[in-house]
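Below you'll find the structure, written out as structure tokens, and then a few comments.
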Amino acid sequence: MYRDNRKLPMIDFVVTLVATFLWLVSTSAWAKALTDIKIATGHNIVQELKPCQKVTCYFGSVTSMGSLNVSVIFGFLNMILWGGNAWFVYKETSLHSPSNTSASHNQGGIPPPSGI
């Protein structure tokens, strides 16, 4: 069915490109939000709290955000995976198929160059 219908590979290619783009945008947005969260919960927050302006407050620690960093990495890896998949889907489309002029060169005319 994939080879008989010429529109199906193109639709698949467009959907794959859209999914790749959405992974890029959503992962970038999550990475930016994570950076903002880290800034908002950093040690500078102590100076901005009203009770800490009257009394000396000390910053203890923030919960580890390692798993959140890993989620951003996996998001970008998934985007790369979808991009690689887009290449293989592209090869099935009519955009990648050889043209008629290149096929005529292989049938005759100038022979291919011999070895060195």
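Going by the structure shown, is VAL72 in contact with a helix residue (DSSP H, G or I) (Cβ under 9 Å, 6 or more places away or on another chain), at pLDDT below 75 and at negative phi?
Values: in contact with a helix residue (DSSP H, G or I) (Cβ under 9 Å, 6 or more places away or on another chain): yes; at pLDDT below 75: no; at negative phi: yes.
So VAL72 does not fit the description; no.
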Quiz item: loosely packed, with under 11 Cβ neighbours inside 10 Å and either modelled with pLDDT of 75 or more or part of a loop (DSSP other than H, G, I, E, B) (or both), is that true of THR93?
Solution: no
Self-check item: Residue in segment 19-45 that is farthest from the chain's Cα centre (by Cα), counting only those that are closer than 26 Å to ASN85 by Cβ and open to solvent by 80 Å² or more (accessible area, probe 1.4 Å)
Solution: LYS32
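The values are calculated or read from the model by the stated rules, or taken from the named source; none is laboratory data. Just so it is clear, the model here is predicted, and its values are computed rather than measured. Glycine also receives a Cβ, built like all others from the backbone with ideal geometry; neighbour counts cover every protein chain displayed. The protein model used for the area step is the full one, side chains on, heavy atoms only, and it has no ligands, DNA or RNA in it. Shrake-Rupley method; radii C 1.70, N 1.55, O 1.52, S 1.80 Å.
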